[in-house]
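These notes concern the structure reproduced below.
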Amino acid sequence: MTKSALQIARAAYQPKLPSALLNGVKTTLGATTQSVADQEEIQKLFPNTYGMPLVRFEATDEVTAYPAFNVGVILSGGQAPGGHNVISGIFDGIKRLNSDCRLYGFILGPGGLIDHKYMELTSDIIDEYRNTGGFDMIGSGRTKLETVEQFEKGYEILKELGIKALVIIGGDDSNTNACVLAEYYAAKNYGIQVIGCPKTIDGDLKNEMIETSFGFDTACKLYSEVIGNIQRDCNSARKYWHFIKLMGRSASHIALECALQVQPNICLVSEEIEAKDMSLDDVVTYIAQAVAARAVDGNNFGTVLIPEGLIEFIPAMKRLIAELNDLLAKNGEEFSHIKKSYQRDYITKKLSEENAKLYASLPEEVARQLTLDRDPHGNVQVSLIETEQLLAEMVSRKLTEWKKEGKFTGKFATQHHFFGYEGRCAAPSNYDADYCYSLGYTAAFLIAGGKTGYMSSVRNTTAPASEWIAGGVPITMMMNMERRQGKMKPVIQKALVDLNGAPFKTFVAQRDEWARKTDYVYPGPIQYFGPTQVCDQPTKTLQLEQAK
Ligand code: FBP
């Protein structure tokens with residue numbers, strides 16, 4: 001495999017570890033825990049893994065000898081920078097406990113466990129992937145581990161390979177499934193532990209004990225670099241408004257973090273739009289007003305950051321999408337035979353008055369996307385809707401009207417961008433390289449300590465790595481009951497942007513100034529070598545959240 005110069009140099013980087021994990025490690029148990037809500041129901045569903053204590057690892061002079069054991073690892077869901085370092089952390093951690101320990105990777109996500117597709121991860125394989133981005137060492141997948149048949153198929157191969165513990169590296173849903181699996185194996189007395197690791201660029205798997213999900217840091221830094229470059233271009237040419245959609249599924253953490261890093265003219269935050277019950281027209285008017293105000297100063301350019309999940313958070317759009325889902329579920333067959341040019345008319349006639357009006361106001365292409373792009377469950381795939389284009393077109397229409405009324409005197413030309421996939425497999429920043437390696441290492445100690453149903457937790461990460469706090473959090477502690485596909489289910493509570501939190505408040509305090517002035521910041525590319533204030537800074541979100 002041909003390697004870039006950076007890849008070669010970066011392979012030698014030794015990720016930093018909390019000092020508690022460097023020599024002898026002692027386990028301290030904290031108080032017993034409760035789920036964040038619905039305690040009685042969650043306790044009933046998880047009789048073996050509910051209420052367990054918090055675990056904290058501390059340094060000791062005594063070094064314990066452990067018998068050899070085997071571990072399995074799965075990468076689940078979307079890629080996030082640092083996944084390979086979690087695996088190398090597990091590998092180095094278990095080898096330090098006993099050099100005869102073995103690590104097996106299941107191929108292409110949870111599906112590999114069910115289909116018995118795996119490979120042993122030996123030191124030569126691990127060394128190839130240290131500090132690299134991507135999940136290509138073993139691949140990832142989105143198969144959900146949720147049925148007894150799947151658990152039993154998994155057990156067959158785990159038993160065959162003599163695996164004592166399985167580490168599932170995933171987001172909120174994958175870690176929920178990890179906990180269900182832990183409970184199942186515990187109830188069956190199979191002697192197999194399950195440990196979770198918090199992964200997702202979306203940043204929405206966090207709580208009191210999990211400061212951040214890995215990958216968020218690198219992905220946001222990469223997007224901020226590119227947005228910064230666009231801002232410089234935009235401030236040089238002074239002729240375009242750039243509409244930039246950012247990945248992140250429902251939560252707006254990525255958009256907000258990028259805004260804090262680059263100081264754009266506008267950043268929409270879906271959670272705020274929902275809380276204020278804003279309509280699509282309100283959002284469009286808000287942007288158009290900023291464009292018109294800058295035009296008065298002669299600035300016919302700017303940047304607008306848009307979170308991927310925005311559409312779902314506009315209450316009126318949510319209602320329209322729900323009605324469209326039902327309508328197409330009922331009339332899908334008939335609809336598919338209607339000529340393209342009549343399809344919009346057909347839908348409009350069948351919709352309720354309020355939704356018909358909104359649907360009619362949408363640009364042609366977006367209206368088409370809302371009716372055609374559906375997932376296997378019959379839902380509109382909102383991530384495929386070109387929100388950046390939708391908003392740009394609607395703002396343009398509004399400004400044309402305002403021009404006639406004399407309310408807008410400037411020019412309005414647009415460019416659109418979507419940043420997502422290019423950030424998910426970037427080489428992990430020092431923060432993610434260290435954090436992920438520490439998460440993996442911590443998982444190894446949780447396994448050695450016989451823990452199951454825990455998520456690996458590394459906290460205090462705004463301090464130097466030596467002061468990071470490593471331990472484990474019972475996954476049931478993060479759960480509540482939510483309606484999923486018509487049924488109440490125990491799930492890890494998703495963390496959306498907290499409108500009372502420091503990151504959002506900091507943004508709000510400055511956004512009006514950013515909107516009117518040109519106060520761009522150009523963060524530049526992620527630095528892997530150099531002074532710590534350039535290379536090791538965590539995200540602004542984390543710094544603001546952790547500032548005491
Ligand atoms: P995870 O939640 O599994 O980490 O995935 C994150 C994500 O990148 C979202 O931001 C995005 O909406 C989604 O994956 C895209 O999914 P896919 O990779 O299937 O296109």
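The values are calculated or read from the model by the stated rules, or taken from the named source; none is laboratory data. Note that the structure is predicted; figures quoted are calculated from it, not measured. Methodologically, a virtual Cβ is constructed for each residue, glycine included, from the backbone with ideal geometry; neighbour enumeration extends over all protein chains shown. We work out accessible area using only protein heavy atoms, side chains counted, and drop any ligands, DNA or RNA first. Shrake-Rupley method; radii C 1.70, N 1.55, O 1.52, S 1.80 Å.
One table, with the values for the structure above:
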{"read-out": "Whether the stretch 1-92 is rounded, prolate or oblate, judged on the alpha carbon gyration tensor where a/c under 1.5 counts as rounded", "value": "oblate"}
{"read-out": "With every protein chain in place, the stretch 314-421: carbon and sulfur % of accessible area (1.4 Å)", "value": "50"}
{"read-out": "Order by protection proxy (mean Cβ within 10 Å, highest first), peptides 88-97, 488-497, 3-12, 434-443", "value": "434-443, 88-97, 488-497, 3-12"}
{"read-out": "Approximate shape of the stretch 96-225 as ellipsoid semi-axes (Cα gyration tensor, √5λ), whole Å, largest first", "value": "26, 19, 14"}
{"read-out": "Relative contact order of the stretch 469-548, pairs being alpha-carbon contacts under 8 Å that are 6 or more residues apart, as %", "value": "20"}
{"read-out": "Separation of the Lys404 and Asp297 label points, Cα + 7 Å toward Cβ, nm", "value": "3.0"}
{"read-out": "Residues of the chain: accessible area per residue with a 1.4 Å probe, Å²", "value": "42"}
{"read-out": "Sites Val508 and Ala68 - FRET efficiency at Förster radius 56 Å, r taken between beta-carbons, to 0.05", "value": "0.55"}
{"read-out": "Once the Cα gyration tensor of the stretch 287-332 is diagonalised, semi-axes √(5λ) in Å", "value": "36, 10, 9"}
{"read-out": "Kirkwood hydrodynamic radius (C-alpha pairs) into Stokes-Einstein, the chain, 37 °C and 0.692 mPa s, D in µm²/s", "value": "132"}
{"read-out": "The chain: calculated mean residue ellipticity at 222 nm from DSSP helix runs of at least 4, using -39500 (n - 2.57)", "value": "-13500 deg cm²/dmol"}
{"read-out": "Length gained when the stretch Ala5-Asn460 is fully extended (0.36 nm per residue, less Cα-Cα span)", "value": "160.5 nm"}
{"read-out": "Rg to Rh quotient for the stretch 398-524, alpha carbon positions, Kirkwood Rh", "value": "1.13"}
{"read-out": "Mean projection area, nm², convex hull over Cα of the stretch 258-306", "value": "3.6"}
{"read-out": "Whether the stretch 458-508 is rounded, prolate or oblate, judged on the alpha carbon gyration tensor where a/c under 1.5 counts as rounded", "value": "oblate"}
{"read-out": "Shape of the stretch 328-451, Cα gyration tensor, a/c cut at 1.5", "value": "oblate"}
{"read-out": "Packing-based order for 232-239, 29-36, 178-185, using average beta carbon neighbours within 10 Å, highest first", "value": "178-185, 29-36, 232-239"}
{"read-out": "Mean separation of Cα contacts under 8 Å (6+ apart) over length of the chain, as relative contact order %", "value": "24"}
{"read-out": "Quotient of Cα Rg and 2.2 N^0.38 Å for the stretch 394-453, N being how many residues it contains", "value": "2.45"}
{"read-out": "Inter-label distance for Ser99 and Glu156, nm, one decimal - labels placed 7 Å from Cα along Cα-to-Cβ", "value": "3.7"}
{"read-out": "Restricting the stretch 102-161 to GluC sites (Glu not before Pro) in coil, as DSSP defines it, with at most 15 other Cβ within 10 Å", "value": "Glu146"}
{"read-out": "5 Å-binned pair-distance histogram of the stretch 455-548 (Cα, whole percent)", "value": "2, 9, 11, 15, 17, 16, 11, 9, 6, 2, 0"}
{"read-out": "C-alpha long axis of helix 340-350 to longest principal axis of the chain, angle in °", "value": "90"}
{"read-out": "Helix axis angle, 280-296 relative to the chain longest principal axis, alpha carbon, degrees", "value": "70"}
{"read-out": "Förster radius 45 Å - calculated FRET efficiency between Phe335 and Lys117 (Cβ-Cβ, nearest 0.05)", "value": "0.70"}
{"read-out": "Percent accessible area from carbon and sulfur atoms, the stretch 498-541, protein chains only, probe 1.4 Å", "value": "51"}
{"read-out": "Two-site label geometry, Thr60 and His417: point separation in nm, points 7 Å out along Cα→Cβ", "value": "5.2"}
{"read-out": "Using a Förster distance of 30 Å, the FRET efficiency for Ser352-Arg483 (Cβ separation, nearest 0.05)", "value": "0.80"}
{"read-out": "The stretch 426-479 - Rg and Dmax from Cα coordinates, angstrom", "value": "11.9, 34"}
{"read-out": "Burial ranking of peptide ranges 254-265, 55-66, 132-143 (average Cβ count within 10 Å, highest at the top)", "value": "254-265, 132-143, 55-66"}
{"read-out": "Of Lys239/Lys403; Lys159/Lys487; Lys206/Lys505; Lys411/Lys517; Lys117/Lys159; Lys221/Lys245, those spanning more than 22 Å from alpha-carbon to alpha-carbon", "value": "Lys159/Lys487"}
{"read-out": "Accessible surface of the stretch 98-155 [probe 1.4 Å, protein heavy atoms]: carbon and sulfur percent", "value": "48"}
{"read-out": "Span from the the stretch 97-126 Cα centroid across to the the stretch 27-51 one, whole angstrom", "value": "30"}
{"read-out": "Hypothetical label at Leu372: residues of the stretch 386-400 whose amide nitrogen lies under 17 Å (7 Å Cα-Cβ projection)", "value": "386-387, 389-390"}
{"read-out": "Along principal axes, Cα extents of the stretch 30-188, largest first, whole Å", "value": "48, 43, 31"}
{"read-out": "Taking the stretch 13-153 and dividing mean pair separation by its residue count, relative contact order in percent (alpha carbons under 8 Å, at least six apart)", "value": "23"}
